[in-house]
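The numbers here are math on the coordinates, done by the rules we state, and not lab data. Computed from a prediction, not measured in an experiment: that's the story for all the values here. Cβ atoms come from the backbone with ideal geometry, glycine included; neighbour counts cover every protein chain shown.
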Amino acid sequence: MKRKTKENMSNFKEQLRRVKAFVFDVDGVLSEQTMLLDTDGNLIRTSSIRDGFAMQRAVNKNYPVGIITGGEMTNVLKRYQKLGVYDIYLGSTNKKSDIIGFLKKYRIEASDVLYMGDDLPDLEVMKMVGFPTCPDDAVVEVKQISKYVSNFTGGNGCVRDVIEQVLRLNKHWVVVNGI
């Protein structure tokens, strides 16, 4: 598992400057791993307002942002479309195929994509992209191949963490009172 040291963080920060697009899993990344069920047995997902703000900021700065998830929740579709994210692959049974479509659409290389996943279905895509990342509560196998493990857990700011770092490095983040 790659933990942040001064040396590897410096190298990682330099690599982050090359990120041209972001792609995220939902369950365990954009939402917590533990979820409630409604009376019909449907999952009720929570999401971080700060993660959403960062995604919207990335979209507004012309970074392609995508979501690839095995789930088929229309509420996820609605939430992220309101933020300007339209590349949403619901019910994905082949995340590799979906990310290839995303890459072709935006004419970008896999090496320029930051992907955040948390569990075994994300491994194949994470091995393809240039910047595999994960939340702090990801499974061991995902942490082992990640270039960066966020200090934040899924649904609790891990997405904001990586987007903010990229946008700050490229001077695309919000500047308030000179900060």
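Can you pick out the pairs among Lys78/Lys147; Lys78/Lys143; Lys20/Lys96; Lys105/Lys127 whose Cα atoms lie more than 26 Å from each other? Numbers along the way, then the final one.
On the way: Lys78/Lys147 31 Å; Lys78/Lys143 30 Å; Lys20/Lys96 18 Å; Lys105/Lys127 20 Å.
Exceeds cut-off: Lys78/Lys147; Lys78/Lys143.
With a/c under 1.5 counting as rounded, go ahead and sort segment 74-125 into rounded, prolate or oblate using the C-alpha gyration tensor (a ≥ b ≥ c being the square roots of the eigenvalues; past the cut-off, prolate if a/b is larger than b/c, else oblate). Intermediate values should be presented prior to the final figure.
Numbers: a/c = 1.82, a/b = 1.24, b/c = 1.47.
Oblate, because a/c is 1.5 or more while a/b does not exceed b/c.
Please order Lys13, Lys104, Lys20 by the number of other Cβ within 10 Å, starting at the fewest. Walk me through the numbers on the way to the answer.
Values: Lys13 14, Lys104 9, Lys20 18.
Lowest count first: Lys104, Lys13, Lys20.
Quick one: divide the alpha-carbon radius of gyration of segment 6-168 by 2.2 N^0.38 Å and tell me what you get.
Numbers: Rg = 14.5 Å, N = 163, 2.2 N^0.38 = 15.2 Å.
For segment 6-168, the normalised Cα radius of gyration comes out at 0.95.
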